[in-house]
Amino acid sequence: MDNPALPSVQRQSVGLAVRPEFSADPVEQHAPSPVDQLTSVTHRLREILYTGEEFDSVYRHVLAAPGKRVRARLVLACSGLLPGAVAAPVDDAVDLACAMEMFHESSLVHDDICDGSLLRRDAPSVPAAFGVRTAARAGFHLAGIALQVVARVLADNPVVFERVGEAPGITYADRLSDLSFGQLIETLPPSVDDAALRRHYELVAGAKTGTLFRLSCSYGGTAGGVDIERLHALMEYADQLALAFQIMDDVRDIEGGPALGKDAGGDLERRVPTWPVIEWLSSRPGAREMWLSEDTSSVTLQDDLIDSGATQVARAVAVRATEAADKALDVFPASPAHDDLRNLLQQVISR
């Protein structure tokens, strides 16, 4: 039974190109490109979230600065990797893309609560704009709506999603709690040991960033008829993309600039050992003492990190991760969706 506290998520037409319903024989599917479909994601999110209830003002605030919609793009691209496969309708893939964006926005709201962040995408964060209490409630509400959307899509496409959860190593909603696990362990780094810090970083990136990337690829790929063997390839793509994405986020947090959308150096102020910091600690004489000293300001750390070249070394690690992600896609035939996943890798590095 639907939760009466949540809005209805029954599918309403928003002018999408719809795939044919499931039939026993594969049919040729035609859909817009993943990037073109992002407009449909925005329209559909408004349709789902604007209900005239108490959180409308919060959701209008969130959707006014939507970000790059990376997770939605992953869903849509992965759903189009096998154009001739038996698949869910395009509008259901769009709904899954919306669900991943709602999970993401929910996690950002709670990240901003935990970190005390005042800015998000050049605008006040949700807790700064509406207060911590309202932000916490809205964040949970968003996640609840997202789960309802996913449940509806799976119920409407039982054949396409009949093997969800059967294959080990494929991330579905049963691993959603890894998001909060990543937030928790991020605040519990090991001692200042190079190898331990790298392992810890990869674990946090895989949980905080990789969880939703893997979910986006698994649900998108499953919706598009991708077989289990190639779903494993998409999990590798998602993991490597997440590592590159997180490293580049950390580089931008140190280097700042007008495109950051929030105050630079926030992780340094909280002494979060990001990948550039790890490179700096392992190579810069006196870095460990500076890092551990309460007298060292975040501005001093920021200047020394940039001067040391640690951010450039971190960029090189991110490039290698994108190369590994690109190789994982070799199991898929050429297609516009395939090209889009490869283009996304280049955009992550150059952002």
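Annotations for the structure displayed:
- Residues of the range 64-79 that turn out to be more than 14 Å from the chain's Cα centre (by Cα) and modelled with pLDDT under 95, as a count: 2
- For first residues located in the range 58-86 and closer than 16 Å to Pro34 by Cα, partners that are buried (at least 24 other Cβ atoms within 10 Å of the Cβ) and of a type in the set (Ser, Thr, Tyr) and lie 6+ apart or on another chain with Cβ distances below 7 Å form the pairs Arg71/Ser216; Leu74/Ser216; Val75/Ser216; Val75/Tyr219.
- Residues being at pLDDT 95 or above, within 20 Å of the chain's Cα centre (by Cα), β-branched (Val, Ile, Thr) and in a helix (DSSP H, G or I) are entirely absent from the range 31-39.
- Filtered by the rule that a residue be assigned to a loop (DSSP other than H, G, I, E, B), on the phi < 0 side of the Ramachandran plot and either at pLDDT 95 or above or small (Gly, Ala, Ser) (or both), the range 285-334 gives Ser293, Ser297, Phe332, Pro333, Ala334.
- Entirely in the range 82-186, the helices (runs of 4 or more DSSP H) that have 1 or more residues that are within 14 Å of the chain's Cα centre (by Cα), of a type in the set (Asp, Glu) and crowded, with 23+ Cβ neighbours inside 10 Å: 90-115
- When Leu301 is tested against (1) closer than 22 Å to Arg199 by Cβ; (2) open to solvent by less than 10 Å² (accessible area, probe 1.4 Å); (3) more than 17 Å from the chain's Cα centre (by Cα), only condition (1) is not met.
- Residue among Ser282, Ser350 that is modelled with pLDDT under 90 and among the hydroxyl-bearing types (Ser, Thr, Tyr): Ser350
- His141 fulfils the conditions (1) touching a His at 6+ places or on another chain (Cβ under 8 Å); (2) more than 24 Å from Cys78 (Cα to Cα) except for a single criterion, (1).
- Taken over the range 331-351, residues that are without any contact (Cβ under 8 Å) to a residue 24 or more places away in the chain and over 20 Å from Ala316 (Cβ atoms) amount to 3.
- Lone unmet requirement of (1) in contact with a Gly (Cβ under 8 Å, 6 or more places away or on another chain); (2) open to solvent by less than 80 Å² (accessible area, probe 1.4 Å) for Arg271: (1)
- Any chance Ala242 is surrounded by 15 or more Cβ atoms within 10 Å (Cβ to Cβ) and either in a helix (DSSP H, G or I) or at pLDDT below 90 (or both): yes
- Some residue of the range 141-152 being of a type outside the set (Phe, Trp, Tyr) and touching a strand residue (DSSP E or B) at 6+ places or on another chain (Cβ under 8 Å): no
The values are calculated or read from the model by the stated rules, or taken from the named source; none is laboratory data. All values reported here derive from a predicted model rather than from experimental measurement. Glycine also receives a Cβ, built like all others from the backbone with ideal geometry; neighbour counts cover every protein chain displayed. The area values use the complete protein model at the heavy-atom level, side chains included, leaving out ligands, DNA and RNA. Shrake-Rupley method; radii C 1.70, N 1.55, O 1.52, S 1.80 Å.
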